[in-house]
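Novice: Quick one: structure below, then a few questions.
Each value in this text was obtained by applying a stated rule to the coordinates, not by laboratory testing. Because the structure is a prediction, the values reported are computed rather than measured. Virtual Cβ from ideal backbone geometry, glycine too; neighbours counted across all protein chains shown.
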Ligand code: HEC
Ligand code: HEC
Ligand code: HEC
Ligand code: HEC
């Protein structure tokens with residue numbers, strides 16, 4: 001009998017172990033570890049090599065179209081109703097139309113944006129939205145180049161990935177659909193939402209921090225800047241909202257907190273990685289996209305594209321990054337499309353200037369010398 005139970009126990013333990021390794025989301029070696037801070041600071045990204053390879057495969061940038069034949073005719077003079085790409089040659093213009101179709105509506109084709117009886121006609125909302133998207137893309141590749149989009153740049157594909165509606169968009173959360181109950185005032189919390197990693201954190205942090213161009217520059221900061229309190233400080237609820245946003249940013253980029261922070265001094269800029277500065281500008285860039293480009297299109301979109309509260313679909317870090325620290329494996333996607341790298345907007349439409357630098361945080365106070373033994 002004793003032998004029977006020993007064998008049974010061993011068999012059960014064996015199968016449970018196999019199930020644990022084989023079925024759950026267990027990080028099977030070999031691992032790919034990338035150090036991103038000084039030695040000894042435990043600032044590293046740990047992924048399985050398999051996951052890294054899968055992610056790379058899922059984020060391949062499409063090959064650029066063959067270069068256009070040279071030609072002097074300009075789209076603005078040849079066609080009837082070209083407003084943004086006026087100074088682009090007709091050949092280059094047509095090449096871009098073909099690429100845009102591949103990037104945004106490969107199944108629907110030109111007719112997704114055009115009334116093919118008359119290509120100059122603006123009756124489809126898709127064409128009006130696409131025109132604004134052209135200006136937005138030019139703006140992202142020019143005015144945000146130094147601060148965020150860098151050498152890689154963005155094309156329509158960065159967000160759209162072959163679909164008219166990008167996979168990662170969001171709307172303001174209308175909140176729970178119940179009038180009262182045990183936790184009538186839930187403080188915006190305790191409703192699992194994927195944007196905050198299904199944690200019990202405030203579920204509408206994206207609206208709070210990314211929806212609008214006029215959001216206060218210091219709203220995300222919650223750490224005190226002095227060793228002892230000098231003012232009342234921010235409530236714990238604000239810290240929870242900040243954490244919610246940080247979880248979104250980490251998941252959007254497929255990294256952990258130490259990609260940007262040295263967690264012994266989260267708010268300290270001098271101990272943070274350069275990527276944190278890029279991320280700081282990224283937050284402002286997303287507010288610019290949502291506030292200056294998408295929000296004004298509210299009445300252009302048909303009602304079925306709007307959220308429960310009638311708000312436009314919006315962009316967050318995941319829309320471009322899709323789980324990678326550099327979208328599309330860091331490919332320089334815009335090099336082959338110079339017409340998407342120059343802003344053609346008139347001065348009045350240009351959003352307010354980007355602040356020069358992230359606010360400098362006071363340095364960590366010097367540590368007192370250790371007491372003599
Ligand atoms: C995702 C939307 C979209 C798709 C798909 C698209 N276009 Fe366009 N097209 C536009 C926009 C926006 C303009 C206006 C550009 C501007 O104002 O600078 C335009 C303008 C044009 C014009 C100029 C018409 C005129 O007389 O003013 C032609 C020609 C054209 N497109 C051809 C095509 C062809 C051919 C295809 C398919 C291979 C195509 N487009 C696919 C959005 C699109
Ligand atoms: C920063 C991300 C981003 C980039 C870059 C981008 N788009 Fe969009 N686009 C969006 C979002 C978000 C929407 C709203 C989704 C929706 O319509 O529900 C959208 C909507 C559209 C729509 C309307 C789709 C529909 O049926 O509602 C068209 C057409 C479009 N984009 C064309 C373009 C073109 C063309 C380019 C490149 C010149 C481009 N987009 C670049 C994010 C982007
Ligand atoms: C991609 C870079 C990035 C990642 C990843 C990241 N953060 Fe942040 N974090 C920032 C930036 C940028 C700010 C400053 C935002 C601002 O001031 O507008 C910030 C601010 C903060 C603050 C407020 C600091 C202050 O001054 O009060 C806290 C707390 C914080 N992060 C915690 C976290 C935690 C916890 C994680 C992991 C879940 C994380 N962060 C992941 C970039 C990042
Ligand atoms: C319009 C598309 C777009 C959006 C939206 C976007 N990014 Fe980026 N981001 C990029 C591109 C493109 C790069 C690569 C730049 C380069 O190659 O130099 C990048 C690079 C970065 C990097 C540097 C990565 C590295 O390894 O050096 C960080 C950090 C980053 N983004 C954070 C963010 C955060 C946080 C958000 C949301 C608040 C965000 N981004 C939203 C396009 C975007």
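Novice: Between residue 115 and residue 234, what is the FRET efficiency for a Förster distance of 41 Å, r being their Cβ-Cβ separation, to the nearest 0.05?
Specialist: The formula returns an efficiency of 0.20 here.
Novice: Got the relative contact order for region 10-123 handy, in percent, Cα pairs under 8 Å and 6 or more residues apart?
Specialist: 14 percent
Novice: Here is a follow-up. Pop a pseudo-label 7 angstrom from the Cα along the beta-carbon direction at both residue 14 and residue 226 and give the gap in nm to one decimal.
Specialist: Simple spin-label model gives 6.7 nm for this pair.
Novice: Let me know the shape class of region 1-149, please: from the alpha-carbon gyration tensor, a ≥ b ≥ c as square roots of the eigenvalues, rounded when a/c is under 1.5, otherwise prolate if a/b is greater than b/c, or oblate.
Specialist: Judged from the Cα gyration tensor, region 1-149 comes out prolate (a/c at least 1.5, a/b above b/c).
Novice: With bins 10 Å wide starting at 0, give me the P(r) of the chain over every alpha carbon pair, in whole percents.
Specialist: 4, 18, 27, 23, 15, 8, 3, 1, 0, 0
Novice: For region 110-126 and region 234-254, write down the distance between their C-alpha centroids in whole Å.
Specialist: Rounded to whole Å, the Cα centres lie 42 Å apart.
Novice: Which of 238, 204 comes first, and how do the rest follow, when ranked by fewest Cβ neighbours within 10 Å?
Specialist: Sorted ascending by nearby Cβ count, the order is 238, 204.
Novice: Using a Förster distance of 25 angstrom, determine the FRET efficiency expected from the C-beta separation of residue 33 and residue 263, and round it to 0.05.
Specialist: In this case the efficiency is close to 0.90.
Novice: Quick one: 129, 315, fewest Cβ neighbours within 10 Å first, how do they rank?
Specialist: Neighbour counts put them in this order, fewest first: 129, 315.
Novice: What nm value, rounded to one decimal, do you get for the distance between residue 46 and residue 329 when each label is placed 7 Å out toward the C-beta?
Specialist: Between residue 46 and residue 329, the label points sit 2.7 nm apart.
Novice: Compute the distance in nm between two label points, each set 7 Å from the Cα along the Cα-to-Cβ direction, one at residue 341 and one at residue 57.
Specialist: Going by the 7 Å Cα→Cβ label model, 3.3 nm.
Novice: Okay, next question. What does the helix-only formula give at 222 nm for the chain: each DSSP H stretch with n ≥ 4 adding -39500 (n - 2.57), the total divided by the residues, and the result rounded to the nearest 500 deg cm²/dmol?
Specialist: Value at 222 nm, helices only, nearest 500: -10000 deg cm²/dmol.
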